[in-house]
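Below is one structure; the comments refer to it alone.
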Amino acid sequence: MKKNKENYFDLVYQVVKAIPWGQVTTYGAIANYLGIKSGARMVGYAMNASHTQADIPAHRVVNRNGILTGKHHFKFPEQMQQLLEMEGIIVENDKILNFENHFWDPNQLELD
DNA sequence: CCGTTGACTCTTT
DNA sequence: AAAAGAGCCAACG
């Protein structure tokens, strides 16, 4: 029984890691899935700690506008856009094109 | 323990 | 339509 001091972060990590390839989601969607109504900031905060985790595709997490708000937190800001484009997601002006088309909601995980 | 901060979002001006 | 303010909650100093 170890101390899960990262329980809050861990929840976010699991959701983010569950994002399918080529799909993206928003902080609010994750927060909502975790039961947080307006904890979107907490999700972002947790993502900041995701640097300790290697399997966290943080580039698949954007704000509700589909804008790469967190790109500046990557090793290189351009990294986020490159990763998204690598997955078939087109990013223009730091914003995901056809965002709704790539949007993935964690809630649909259990619905399936 | 209190105050500040933050990869957000909604509401109001 | 754009900008500013409020709300949210946890981590850090």
Among the residues listed as A:Ala46, A:Ala40, the single one being in contact with a strand residue (DSSP E or B) (Cβ under 9 Å, 6 or more places away or on another chain) and either of a type in the set (D, E, K, R) or within 16 Å of DNA strand C (Cβ to nearest atom) (or both): A:Ala40
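Residue-wise test of (1) within 16 Å of DNA strand C (Cβ to nearest atom); (2) closer than 17 Å to A:Ala18 by Cα; (3) hydroxyl-bearing (Ser, Thr, Tyr).
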residue	(1), (2), (3)
A:Ile30	yes, yes, no
A:Ile67	yes, no, no
A:Pro77	no, no, no
A:Gly88	no, no, no
Long-range neighbours under 9 Å by Cβ, at least six apart or interchain, first residue without any contact (Cβ under 8 Å) to a residue 24 or more places away in the chain and exposed (fewer than 13 other Cβ atoms within 10 Å of the Cβ) within the range A:29-57, second of a type in the set (D, E, K, R) and not in a helix (DSSP H, G or I): A:Thr52/A:Glu6
Test: residue in the range A:81-88 that is surrounded by 16 or more Cβ atoms within 10 Å (Cβ to Cβ), more than 10 Å from DNA strand B (Cβ to nearest atom), within 12 Å of the chain's Cα centre (by Cα) and not acidic (Asp, Glu): yes
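We did not get these values from a lab; they are worked out from the coordinates using the rules stated. Here the structure is a predicted model, which means the values were calculated and not measured. Every residue, glycine as well, gets a Cβ built from its backbone with ideal geometry; the counts of neighbours run over all protein chains shown.
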